[in-house]
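Report on the following structure.
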Amino acid sequence: MIGEGPGDTPDEQSDEQSDEQPGNTYRGTVSTQMNSKTLLCDLSSGQVIADLPIENATSAVSRDNSFYLMDSSGNVSIYNLSDGGDSGKPEVRFAGTDDPSGPGGPGGPRGIGMRMGGMGGSTLALSSDGGLFAVLDGSLLLADADGNISTALERTSYSIGAPRSSVTSVFALDDGSIVVNILSNGMVNRLYKYAWNENAVIDPEKTLTIWSLHDNNFVRAAISELRKKHPDSLIDYEIALGRNSAVSASDAIKTLNTRLLSGDGPDVILLDGCSADSYADRDMLLDMSGLVETGDVFGGLLAPYKNNGKLYCLPTQFLMPMLMGSAEALADVKSLDDLIDKAVNGNDLPARGGPGPRPFSGVEEEERSALYFSDLKELCDLLWVSCAPEIVKDNRLNTDALRQYLGAVKAISDKYALTEVSQGRGGMGMSIAFSDGGSATMLPGSLMWYTMQLTHYAAFSTGNLQLLQMMMDRSGSTLELFPGLTPGAWQPSTVVSISADAKNQQFAAELVQAMLLVEVQQLNYGTGLPVTHAGLTAQVDTINERRAENGEEPFSFDPNVLINQLSSPSIRDTVLTDMMWGSVEKCCNGEIDVEGAVKEIEQSVKNYLAERA
């Protein structure tokens with residue numbers, strides 16, 4: 001089972017399983033990792049057989065007298081099971097294999113986790129013909145008896161690689177099939193059986209190529225849903241800027257443009273980071289209005305993408321720039337100028353009590369600063385979302401709006417010295433994971449300082465409703481849209497389109513429709529909020545179910561109130577913001593003033609905006 005394609009495709013079957021999960025038994029021995037040691041023990045006597053020279057062991061499997069142990073870099077060492085001695089067999093290196101942007105990229109695979117206690121199991125399995133299977137980053141890899149590595153199941157095409165899924169055990173059966181235990185959404189166990197079917201074929205009308213600048217778990221979830229419905233499909237997901245990509249966003253987009261102009265482009269395009277209008281105006285995109293049902297999408301989010309009844313691209317998620325604080329504090333801020341005044345004339349961030357990271361303890365209200373950011377980039381990104389529609393209109397640069405934006409960035413940066421390296425600011429960071437198996441979310445710096453009760457306001461873009469309800473549990477907290485230059489600004493996310501030259505337009509439209517399914521919209525992938533009423537309602541219901549289980553009051557905030565205020569999509573053009581960044585840094589470092597930065601940016605983006613138009 002080392003390849004995929006028409007005529008040799010694994011079949012996938014699943015069965016739900018109870019909470020108890022299978023595990024492997026190692027003939028009276030077990031390896032455990034405690035205090036940075038990996039020990040081989042005899043279970044019957046408790047005697048330590050050997051202290052193995054492996055750090056960060058993640059999985060193990062045995063057969064006869066051979067014991068295979070994988071470390072966190074994806075390398076497998078082989079020992080004698082009887083005494084822990086070196087077996088003499090060569091190490092198997094899964095790390096550094098496969099697609100450079102995929103599981104085996106340099107630096108080691110992602111998604112390997114030590115399975116302990118009730119989790120049990122192993123992500124290694126031995127085949128009857130001497131091969132070794134390993135699950136790394138959602139793909140099932142196979143090392144043959146000679147150590148050659150191939151991909152048996154690629155994560156985009158099968159459920160083992162679906163977001164919010166974790167492989168806990170793999171078993172290679174004597175008949176050549178593979179059984180995989182998957183924990184989905186942190187709650188549901190399912191057994192999947194993969195069997196080779198030499199008569200299976202790919203339906204040529206169900207092949208797709210998807211392109212995006214960056215990897216996107218939301219898209220992967222939609223692909224997984226579509227593959228369940230169409231196991232005879234073949235979907236290739238191209239990521240332009242993978243983990244080891246040496247090209248810039250500008251170069252990647254130029255390559256995409258060349259492919260589209262030649263008629264050899266991808267079928268489905270994610271336009272995050274790109275200028276969607278440029279493609280639609282050049283007739284590169286398909287009108288999806290008669291192919292995709294959008295009746296459940298929030299009207300205010302859909303309307304800006306309707307062009308004389310035609311729909312060339314569609315945001316399937318979105319983010320809102322927010323300002324959080326007490327009702328009294330928010331009442332004092334009606335505009336961006338008000339917020340800047342509060343920051344500039346307010347306190348500095350309270351000083352640390354000693355060396356090292358700031359303690360997680362608040363200060364009295366009169367000692368707090370207005371707001372704070374972890375670095376200049378965080379500040380610039382937040383302000384850009386709320387100002388961009390005024391700065392760039394119809395591919396023309398509004399220098400007055402740009403001047404206001406740069407003035408705001410510089411004023412806040414100067415107040416809090418955001419261009420300087422700060423041990424306290426740089427050392428702070430918090431990642432939050434939720435019990436439903438959703439993506440871990442890094443807390444925005446501004447929100448973190450607010451949560452620590454060191455600031456009066458938090459300014460951030462939110463794409464995670466669970467995080468929002470958690471932060472609003474702070475006494476007296478409420479929310480409003482961030483008061484930027486553009487009232488009602490919001491950031492589209494996972495903006496999908498279909499190439500006008502797509503070979504299988506109907507199947508491409510079915511993928512877009514899958515992205516709007518409540519099964520996909522209702523879950524948290526860390527990439528944005530649901531654009532459908534059903535998806536948002538399902539997220540709120542899930543939050544309240546868990547709050548009820550914990551004896552907490554329902555989530556009282558109604559996100560619909562803010563969604564109904566959204567009117568202006570703020571397009572994140574990566575090429576444009578990259579071109580501006582050097583001048584923004586120079587301005588905040590004091591190398592040039594605001595007027596100098598305006599002139600530099602005007603000159604540097606002039607040709608690019610002309611090309612966009």
**Ranked list, fewest to most other Cβ atoms within 10 Å of each Cβ, for VAL167, VAL518, VAL201, VAL496** = VAL201, VAL518, VAL167, VAL496
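For the pair VAL188 and LEU517, what calculated FRET efficiency results from E = 1/(1 + (r/R0)^6), where r is the Cβ-Cβ distance and R0 = 22 Å, to the nearest 0.05?
0.80
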**Request:** Please go through segment 476-562 and write out the chymotrypsin sites (Phe, Trp or Tyr not before Pro) that DSSP classes as loop and that have at most 16 other C-beta atoms within 10 Å.
**Result:** PHE557
**Request:** Calculate, for ASN308 and LEU43, the FRET efficiency according to 1/(1 + (r/R0)^6) with r their C-beta to C-beta distance and R0 60 Å; round to the nearest 0.05.
**Result:** 0.25
**Item:** Distance between modelled label sites at ASN56 and LYS334, nm, 7 Å Cα→Cβ extension
**Value:** 5.5
**Prompt:** In terms of Cα to Cα distance under 29 Å, which lysines are near enough to LYS37, apart from those fewer than 8 places away along the same chain?
**Reply:** LYS89
**Item:** Spin-label model distance (nm) - ASP341 vs ASP146, 7 Å beyond Cα toward Cβ
**Value:** 7.7
**Prompt:** What number comes out for the charge environment of SER583, summing +1 per Lys or Arg and -1 per Asp or Glu over other residues with Cβ under 10 Å away?
**Reply:** -2
**Prompt:** Of the cross-linked pairs LYS206/LYS228; LYS377/LYS415; LYS393/LYS586; LYS254/LYS599; LYS310/LYS503, which ones have a Cα-Cα span greater than 23 Å in the structure shown?
**Reply:** LYS393/LYS586; LYS254/LYS599
**Fill in**
Here the gain from full extension of ALA195 to ILE592, 0.36 nm per residue of separation minus their alpha-carbon distance, amounts to 136.5 nm
**Request:** Using label points projected 7 Å from each Cα along Cα→Cβ, tell me how many nm separate ASP394 and ASP86, to one decimal.
**Result:** 7.4
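Coordinate-derived values only; no laboratory data. Predicted, not measured: the structure shown is a model, and the values here were computed from it. Using ideal geometry, Cβ is built from the backbone for each residue, glycine included, and neighbour counts are taken over all protein chains shown.
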